[in-house]
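Report on the structure given below.
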Amino acid sequence: MRLSQYFLPILKETPAEAQIVSHRYMLRAGLVRQASAGIYSWLPLGFRVLKNIEAIVRDEQNRAGAQELLMPTIQPAELWRESGRYDDYGKEMLRITDRHDRDMLFGPTNEELITDISRTSIRSYRQLPKMLYHIQWKFRDEVRPRFGVMRGREFLMKDTYSFDVDFAGAKRSYNKMFVAYLRTFARLGLKAIPMVAESGPIGGDMSHEFIVFAKTGESEVFCHRDLLEIAVPGDDVNYEGDLQPIVDRWTAPYATTGDKHDPEKGKALGDALVSARGIEVGHIFYFGSKYSKPMKATVVGPDGEDVAIEMGSYGIGVSRLVGAVIEASHDDAGIIWPDAVAPFAVGLINLKVDDAACTQVCDDVYGRLRAKGIAVLYDDRDDRAGAKFATMDLIGLPWQLVIGPRGIKAGQVEIKRRATGERQDLTLDAALAQIAG
Ligand code: ATP
Ligand code: MG
């Protein structure tokens, strides 16, 4: 993509309303634009990151055996009356009336809808287990929307629901999601620690929040230092095998969110206790028959008796993750995207667009990168070098390739790794080889 043609509305001034660094950079780098409190438009650069994160989340769900579907954003109130949550949910729920005066709502979550789907289609224990998920916008009328996409009112969530015939099955499903979450966040370049959590308005008892440490995080958390060093399960993890040892390894050390913290246990850990603030990027929980019972989602069990389906739900804050990645990876000059989520792999800087030879080389490099399938943002604008460097640093692409007349004469280009700031003068081929990895 040529920057001269790209829609990248960079802000010169730091927006006064943004209190945390990710929000500031998301506005300044033209990733999002606020439509109203807690509701954002995703501009091209931000949308690419959102889609990259979504793709990794999806890939790990699929590997774990979950199947993707898509439920609507608008739901009928009657399902929520059946579960008893229509009144319980309170003002966070956006209630809508259609032209026939029917009560509708913009979904804050999907337990009722998915339970309705399962009860009409799953009749026998032989159709279980199942894990179904979607990646869909949610609306919650948060009391205090803030920190940009971190606590929005409209936000993108991946939510998975598991269906099993008994507790042992439900635990297996829970473990699959536990492992899938460890892998997902690691692939996003994040260290996310599973911590024992309250299950909130959705209810249940087996519950972990996945927390990324950040000074600006909304959650207070406590954990054993050892958790920061455990290796995440690799590509060879077998989801059909016994995952309990992996889950046990991760849940044995003390780790809990603030509301579940036991100061005595914390004290007993001494120096090993980490007490910090964190961002909740995901939440998994088992809630048994909380919805299947009142909504009569039953299957015929092995002995011919009807049993309520055992369920769990598993959320990831996809749009919140864009902010969380920036909180975890930035410096004073701007964002530092991990390779896996970067909107473009390379920023190509033409230092002198009115120099025919220089532009010729840059155009050629641009073509070669694209031919290799490498996403490149080509700064072909007529602007000062300093301004171009500042923009590239702000938008945080992993590699910068800087090409000017002087280097060309010497047969060299400059390549800079955004994360380390390390610069090297290399031949063009050597630079391209490095970028291609
Ligand atoms: P929180 O305690 O932050 O309000 P929650 O317990 O209400 O979260 P869940 O219902 O478990 O969240 O939703 C699943 C995931 O969706 C959360 O782990 C979080 O990453 C994300 N999420 C929840 N609320 C918001 C929001 N207002 N804006 C952005 N992401 C959100
Ligand atoms: Mg909430």
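Annotations
- With respect to the stated conditions, Gly46 fails to be on the phi > 0 side of the Ramachandran plot and open to solvent by less than 10 Å² (accessible area, probe 1.4 Å).
- Residue among Ile96, Ile135, Ile122, Ile117 that is closer than 30 Å to Pro245 by Cα, out of contact with any Phe, Trp or Tyr (no Cβ under 6 Å at 6 or more places or on another chain) and among the hydrophobic types (A, V, I, L, M, F, W, C): Ile135
- Scan of region 84-107 for residues that are of a type outside the set (Gly, Ala, Ser), open to solvent by less than 40 Å² (accessible area, probe 1.4 Å) and in a loop (DSSP other than H, G, I, E, B), ordered by number: Tyr89, Met93
- Of the strands (runs of 3 or more DSSP E) lying entirely inside region 317-425, those containing at least 1 residues that are open to solvent by 10 Å² or more (accessible area, probe 1.4 Å) and either modelled with pLDDT of 95 or more or out of contact with any Lys or Arg (no Cβ under 7 Å at 6 or more places or on another chain) (or both) are 399-403, 413-417.
- Restricted to region 148-243, the set of strands (runs of 3 or more DSSP E) holding at least 2 residues that are within 16 Å of ligand 2 (Cβ to nearest atom) and either surrounded by fewer than 20 Cβ atoms within 10 Å (Cβ to Cβ) or in the same structural domain as Arg119 (by TED's automatic domain parsing) (or both) comprises 154-164, 206-213, 219-224.
- Restricting Gly258, Gly288, Gly270, Gly301 to those that are at positive phi and touching a residue at least 24 places away in the same chain (Cβ under 8 Å) reduces the list to Gly288.
- Enumeration of residues in region 276-303 that are of a type in the set (A, V, I, L, M), assigned to a strand (DSSP E or B) and away from ligand 1 (no atom under 14 Å from the Cβ): Ala276, Val299, Val300
- Selection of first residues in region 141-159 that are more than 8 Å from ligand 1 (Cβ to nearest atom) and of second residues that are modelled with pLDDT under 95 and among the acidic types (Asp, Glu), restricted to Cβ pairs under 8 Å at least 6 apart or on distinct chains, gives the following pairs, ordered by first then second residue: Phe147/Glu218.
The values are calculated or read from the model by the stated rules, or taken from the named source; none is laboratory data. This structure is a prediction, so every number in the text was calculated from the model and none was measured. Every residue, glycine as well, gets a Cβ built from its backbone with ideal geometry; the counts of neighbours run over all protein chains shown. Protein only, heavy atoms only, side chains kept; ligands, DNA and RNA dropped before computing areas. Shrake-Rupley method; radii C 1.70, N 1.55, O 1.52, S 1.80 Å.
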